[in-house]
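Enquirer: This is the structure, below, for whatever I ask next.
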Amino acid sequence: MLSFLIDADLCVACLACVRICPSDAIEVVGEAPLLRVVDESCIRCGECVPACPHQAVKVSGELGRALELAGQGTAALILSPESAAHFYPATPEQLINACYAAGFRVVTRGVIGDELVAAEYLRLWEDEPWGTLVRSTDPVVVETVRMQYPELVPYLAPVATPTVAETRYLRARYGASLPVVYAGHVAPPSCREVDAAVTFSDLEQLLRMRSVSALTQPTFFQRIPEERRRHLSAAGGMPLAMLEESRQAGSRFRIVRGLDALPALARAVTVERLELGFVDILSNEGALDHPLSGPKEELYWRRALVASAEPPRSRSPVVDRALTMSIGATFEIKPRPAPADAAAVEAVLASIGTASNGKPWDCGACGYDTCLQFARSAVSGRASLRQCPPHEERRANEAVRAAAVDVLTGLATYRVLQERLQYEIERSKRSDEAFAVLFIDLDSFKLVNDRHGHEAGNDILRAVAAEIRAAVRASDVASRYGGDEFVVILTRTDLPGATRVAEALRAGIEGVGRRLGYPAGLVTVSIGVAEFDPHRPADGDLLVAADRALYRAKMAGRNLIAEAQRLRQHEVTRT
């Protein structure tokens, strides 16, 4: 069986493999996240390999076992016909010679399996009526049906895959104990009859480990080869006669390509009770179009190369009729996983949110048809909210808001204050209009926290922020500088005007304490006022000037307003 692994050193968690996986077989672990192929859910379709832009998905077969069997010199090797393209410029003759030199007892080209399966399909085609019959030579289709569409299992043609059929044939010919190794891209995912399955890359490594090079082998067969000619079949096990007849058969024969056709097929057969005839379904256009075969742009080159390596057709059967073996197959339904927790699914959907019309996004950008399907996979750990663009956009907007708005008070943050202050300085220089800054500090805030608790202190901060917002204009900027300090930028305001606003704020905040039930004089503020005059720009930072004025107000007795140039004291009641 072929194994699909994700190399953690190469993976950057772009989630391209998660989006394209048709069986939801890639688990997303953690917030980082880490990706892992869930073996029992993987259908070995190979779509994740070319989808990964970082070559992080690795495919390997049972190389160790195949190497052991080759070393024993008793095993048979079923070499898929696509090998002619993979091992080019080595010729098929050189490759087969190399496999013999590596220790394999028998090397076949997969033709016998296609012939056996084609004969069985031809028999079924002529044996009417059968209503709907679904082609079962593609292991990827079969595994998908078993996992996701069990209602289609009764309609699968009871025929083994060509690899399994050829394995049985070889054992009938050479003995039941014959070990069999398969080399190719379309290995049966859960076949117990094949002793080892390897990729072409694995086979290359095996030859190197056995010190064998295909290119140095003779270009003619050194041994009498196993049968390489076809009689009944086309590549993949379909009979030529059936394909010819299907052109006139109309509704008796349907060609379907791609796993995305299975939902409609399942509905037509099980819900609408339609008889579809013979459904020739493959996960792609054939083995040469398999994702592991190479780039799609080289498909026609691969087809031409493999076709040129095919010998002429035999006019007589190439299968030994004296050998008896079963070509039949049964298909077990795989149990479906337990449904995702409904409450957790709803929580994920709430996190995603809805579109402007109040309906789910269902944009498909995550790789799932609906938000509900995505949420179920996310709950089961097979998807991450990182792959949901609406959710990520929402998070980004929230992050921007969080960086711009203080969570406790709702005022602007320090970062926004700095950006706006720089903007106002440049605007003031261009427009020749002054502006002012108020630096506000609660006088006895530590005492409030110590006596009444931090939650009471938070209530005061929120009330003071509300008072500041009410006292300034929409064009002004009210921000929380940190702790119990606030800064207000008063646009187009000179020093006397800013001082009047400061006085209103001082009195209003003193009233906040009384409204909240605190003793008079406990909730008060001192305010430093500084002006930026474009005609007489001050040396140093404007906030520093306002802070120094605030310090003078504190030193003068608190609950005061101090201008950057002079101190103004107000009649206050002290307790």
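Enquirer: Would you say THR132 is buried (at least 18 other Cβ atoms within 10 Å of the Cβ), at pLDDT 90 or above, over 31 Å from the mean Cα position of the chain (by Cα) and among the polar types (S, T, N, Q)?
Expert: Spelling it out, THR132 is indeed buried (at least 18 other Cβ atoms within 10 Å of the Cβ), at pLDDT 90 or above, over 31 Å from the mean Cα position of the chain (by Cα) and among the polar types (S, T, N, Q).
Enquirer: I'm trying to understand the selection: among the residues of region 420-429, which are within 50 Å of the chain's Cα centre (by Cα) and loosely packed, with under 14 Cβ neighbours inside 10 Å?
Expert: GLN422, TYR423, GLU426
Enquirer: If a residue has to be without any contact (Cβ under 8 Å) to a residue 40 or more places away in the chain and farther than 16 Å from LEU421 by Cα to count, how many in region 474-510 make the cut?
Expert: 5
Enquirer: To continue, here is another question. If you scan region 91-106, which residues turn out to be out of contact with any Phe, Trp or Tyr (no Cβ under 6 Å at 6 or more places or on another chain) and either outside the structural domain of LEU215 (by TED's automatic domain parsing) or surrounded by fewer than 22 Cβ atoms within 10 Å (Cβ to Cβ) (or both)?
Expert: Of everything in region 91-106, those that are out of contact with any Phe, Trp or Tyr (no Cβ under 6 Å at 6 or more places or on another chain) and either outside the structural domain of LEU215 (by TED's automatic domain parsing) or surrounded by fewer than 22 Cβ atoms within 10 Å (Cβ to Cβ) (or both) turn out to be THR91, GLN94, TYR100, ALA101, GLY103, ARG105, VAL106.
Enquirer: Exactly one of (1) among the aromatic types (Phe, Trp, Tyr); (2) closer than 30 Å to THR144 by Cα; (3) in contact with a Phe, Trp or Tyr (Cβ under 7 Å, 6 or more places away or on another chain) is unmet by TYR414. Its number?
Expert: Going through the list (1) among the aromatic types (Phe, Trp, Tyr); (2) closer than 30 Å to THR144 by Cα; (3) in contact with a Phe, Trp or Tyr (Cβ under 7 Å, 6 or more places away or on another chain), TYR414 breaks only (2).
Enquirer: Checking CYS45 against (1) in a loop (DSSP other than H, G, I, E, B); (2) surrounded by fewer than 17 Cβ atoms within 10 Å (Cβ to Cβ), which test does it fail?
Expert: (2)
Every residue, every condition in (1) out of contact with any strand residue (DSSP E or B) (no Cβ under 6 Å at 6 or more places or on another chain); (2) assigned to a helix (DSSP H, G or I), yes or no:
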residue	(1), (2)
LEU152	yes, yes
THR163	no, yes
GLU166	no, yes
ARG173	yes, yes
ALA176	yes, no
VAL181	no, no
HIS185	yes, no
PRO188	yes, no
VAL194	no, no
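Enquirer: Hey, can you tell me all the residues within region 474-531 that are touching a Ser or Thr at 6+ places or on another chain (Cβ under 9 Å), small (Gly, Ala, Ser) and within 19 Å of GLY557 (Cα to Cα)?
Expert: Listed by number, the residues that qualify are GLY513, ALA520, GLY521.
Enquirer: Take the residues of region 22-42 that are assigned to a strand (DSSP E or B) and buried (at least 18 other Cβ atoms within 10 Å of the Cβ): which is modelled with the lowest pLDDT?
Expert: Step by step, filter region 22-42, then rank; the result is VAL28.
Enquirer: When the residues of region 197-218 are filtered to those that are among the small types (Gly, Ala, Ser) and outside any loop (DSSP other than H, G, I, E, B), which remaining residue is surrounded by the most Cβ atoms within 10 Å (Cβ to Cβ)?
Expert: The residue in question is ALA197.
Enquirer: More than 29 Å from the chain's Cα centre (by Cα), more than 16 Å from MET325 (Cα to Cα), surrounded by fewer than 24 Cβ atoms within 10 Å (Cβ to Cβ) and aliphatic (A, V, I, L, M): does that describe VAL194?
Expert: Here the answer is no, as VAL194 does not meet what is asked.
Yes/no per residue for (1) at pLDDT 95 or above; (2) under 54 Å from the mean Cα position of the chain (by Cα):
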site: ARG469; (1), (2): no, yes
site: VAL472; (1), (2): no, yes
site: SER475; (1), (2): no, yes
site: ASP484; (1), (2): no, yes
site: VAL487; (1), (2): yes, yes
site: PRO534; (1), (2): no, no
site: ASP539; (1), (2): no, no
site: ALA556; (1), (2): no, no
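Enquirer: Let me ask you something else. Report, by residue number, each residue of region 123-170 that is over 29 Å from GLU40 (Cα atoms) and of a type in the set (Lys, Arg).
Expert: ARG123
Enquirer: Which of the residues that make up region 91-108 are under 19 Å from LEU215 (Cβ atoms) and touching an Asp or Glu at 6+ places or on another chain (Cβ under 7 Å)?
Expert: Result: VAL107, single match.
So that you can scan it fast, the table gives a plain yes or no per residue for (1) modelled with pLDDT of 90 or more; (2) among the acidic types (Asp, Glu); (3) in a helix (DSSP H, G or I); (4) under 27 Å from VAL405 (Cα atoms):
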site	(1), (2), (3), (4)
SER479	yes, no, no, yes
GLU503	yes, yes, yes, yes
LEU522	no, no, no, no
ALA545	yes, no, yes, yes
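Enquirer: Within region 1-50, can you find the residues that are closer than 25 Å to ALA183 by Cβ and charged (D, E, K, R)?
Expert: Residues satisfying the conditions are ASP7, ASP39, GLU40, ARG44, GLU47.
The values are calculated or read from the model by the stated rules, or taken from the named source; none is laboratory data. The shown structure was predicted, so the numbers you read here are calculated from the model rather than taken from an experiment. No Cβ is skipped: glycine too gets one built from the backbone with ideal geometry, and neighbour counts run over all protein chains shown.
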